[in-house]
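All remarks here apply to the structure that follows.
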């Protein structure tokens, strides 16, 4: 091998190091220039400030849904049995608990959903679209309607 073959591209090494520390895998030989990573949410508590306690026990199953809700819709009261996060693609929603606690979210934000607590959402004047990530176990329901 000659010196040119052994020359190290510092930009590629720096990019690979950054990608490996961010937790994002890189393809072999990929150039990391231009790759950007933004943390949208890192939390250990739901939007109502109740801490997450643990993930459900069992065989892990991740579910990702795209959910579109019509303008001015009021979702039914419900609960989630596992940690869930919803990225708001468009629109806005106000989440509320039966005790009256409320929090408003808009496009570009991520909602750390509550676990085991009854809540609902009320959508604004335009339809809202969400990408929702559920960290459950095989066979677990994603939500349960409250009567």
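Each value in this text was obtained by applying a stated rule to the coordinates, not by laboratory testing. Owing to the predicted nature of the structure, the values given are computational and were not obtained by experimental measurement. All Cβ positions, even for glycine, are placed from backbone atoms using ideal geometry, and neighbour counts span all protein chains on display.
Sort 84-90, 44-50 for me by packing, meaning the mean count of neighbouring Cβ atoms within 10 Å per residue, highest on top.
Descending mean neighbour count gives 84-90, 44-50.
Kirkwood hydrodynamic radius (Cα pairs, Å) of the stretch 60-145?
Working: mean 1/r = 0.0769 Å⁻¹.
Mean inverse Cα-Cα distance, inverted, gives 13.0 Å.
Take the Cβ-Cβ distance between residue 141 and residue 71 as r, set R0 to 25 Å, and report the resulting FRET efficiency rounded to the nearest 0.05. Walk me through the numbers before you get to the answer.
Details: r = 27 Å, r/R0 = 1.09.
E between residue 141 and residue 71, to the nearest 0.05, is 0.35.
If you take all C-alpha pairs in the stretch 105-147, what percent of them are over 17 Å apart? Working shown, then result.
Values: 408 of 903 pairs.
Of all Cα-Cα pairs in the stretch 105-147, 45 percent lie more than 17 Å apart.
Order by neighbour count: 82, 140, fewest other Cβ atoms within 10 Å first, most last.
Values: 82 21, 140 16.
Placing the least packed residue first, the sequence is 140, 82.
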